[in-house]
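Participant: Please find one structure pasted underneath; my questions will follow.
Only the coordinates and a few stated rules stand behind these numbers; no lab work does. Quick caveat: nothing in here was measured; it's all calculated off a predicted structure. FYI the Cβ positions are ideal-geometry reconstructions off the backbone, even for glycines, and counts take in every protein chain you see.
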Amino acid sequence: MKLLRLTAVILCATFGSALADEKTPTPKEIAAFQKVMKTIGEIQYQSGEINLLGGKAKLTLTDDFRFLDPANARKVLVDIWHNPPEVASTTGMIVPKGINFLGEDGWAAIIQWKEEGYVKDSDFDSIDFNKMLKELKEGNAEASKERVRRGYGKMELTGWATPPHYDRQNHKLYWAKAFNVDGPVQQLNYDIRILGRSGFFEMSILAAMPQLQEIEGKAPAILSMVDFTEGNRYADYKPGTDKVAAYGIAGLIAGGVLAKAGFFKVIALFFVKFAKLIVIGGAALIAGIAKLFGGKKTA
C-alpha cells in the first residue's frame, strides 16, 4: 500500500497538468496499471522470416518491425488493449520495433487467416462503394450499441478514411475506415486483404486517425512482407478442383454485414478489429505514466 501511495504522489507531482483534467488515480487503478506494465515486460518478439500456416505462407520482416505469435498477440489485445477475450484469436500481430503499447502513437497490424476458398476478384470494378458504406454504417451502428452494452464503449463508423483499392497484379486489397469513439481522437482501422489459393489473410491495423498518413506510408512495406509460398498463391488456383469462396471482393470489404451474416458474427468481427481502449485514465495521463514506468520497450 505504501508503494501505491508513493506512486500516486509521484504521479500527482510529475503529471499535474494532465491530472488537472483527470481524476487522481486510485490505488486500484495504479495496481491495474502496474499489472499491465508487467504484461508488457513479458511480451516476446520475433524478427526475420516467420513461417505461417505450416509453411503455406511466410512473413519476411524488415528491421523496422517485429512479430508476435498468437499467445503474445492475445496479451496485447486482451490484457493491454482490453478487447473481449472470446474474440481475440489471431494468427499473430505485426508491430513497429520499439512500440509503446500505451502511447498515443502505438499501433499494430492484427493478422487472421480465413480458410474460405479462392476469392474471385472480377466484381471489384462494379462495386458501389457509397451504397456499401451506407450498409456498413447501419450494421456497425448495431455493433456499437452492443459494444456499449458490454462495457467496451461506442465505436461509430463515420466514413472511408481511404477508399478501397485493389492491386490486381499482387492480389492485395486495402482500405481504411474512420470511427468516432468515447475519447478525444477518432480511431482508424486500416484493412488489408491478401488473397491466396485457398483463402486470404486479414490484416487490420489499429491506430488513431492522426496516424493515417504514417500508416499509409508504411502500408506498402507491410503489404510486401506477407506472401504465400509456391503452390499456395492466388495464381496456383486450379479450376474445378479447388474450393471457391461464397463471395467476391465486395464480401471481403463488407465482412459479414453485406453478406448478411448472423448478427453476433458481425459483432465478433467488430470487436476483434476495432477495440483499442485505454485501461485507466485519459490519454495524456496514460502517456505520462507509461514514460514514468518505462512503458516503451525496445523489441
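Participant: Explain nothing, just compute: Karplus ³J(HN,Hα) = 6.51 cos²θ - 1.76 cosθ + 1.60, θ = phi - 60°, for every residue of segment 161-171 in order, whole Hz, x for Gly and Pro.
Facilitator: Each residue of segment 161-171 in turn: 7, 9, x, x, 10, 10, 8, 5, 5, 9, 6 Hz.
Participant: Report the net charge of residues surrounding Gln211, where surrounding means a beta-carbon distance below 11 angstrom and charges are Lys +1, Arg +1, Asp -1, Glu -1.
Facilitator: -3
Participant: Post the alpha-carbon centroid distance, segment 52-85 to segment 183-236, in whole angstrom.
Facilitator: The two parts, judged by their Cα centres, are 13 Å apart.
Participant: Same structure again: As I understand it, the dipole of segment 121-196 uses +1 on the Cβ of Lys and Arg and -1 on the Cβ of Asp and Glu, about the Cα centre. Which of Phe124, Val181, Asn140 lies farthest toward its positive end?
Facilitator: Projecting each Cα onto the dipole axis, the largest value belongs to Val181.
Participant: Using the crude model of +1 on Lys and Arg Cβ and -1 on Asp and Glu Cβ, and no other charge, please compute the dipole size for segment 34-112 relative to its Cα centre, in debye to 20.
Facilitator: 200 debye
Participant: Moving to a separate point now. Using +1 on the beta carbon of Lys and Arg, -1 on that of Asp and Glu, and nothing else charged, what's the dipole of segment 45-274 about the Cα centre, debye to 20?
Facilitator: 500 debye
Participant: Oh, and also: For the residues Arg168, Arg74, what sequence is obtained by ranking on other C-beta atoms within 10 Å, fewest first?
Facilitator: Arg168, Arg74
Participant: In what order do Ser144, Ser126, Ser224 fall by count of nearby beta-carbon atoms within 10 Å, going from fewest to most?
Facilitator: Result, fewest neighbours first: Ser126, Ser224, Ser144.
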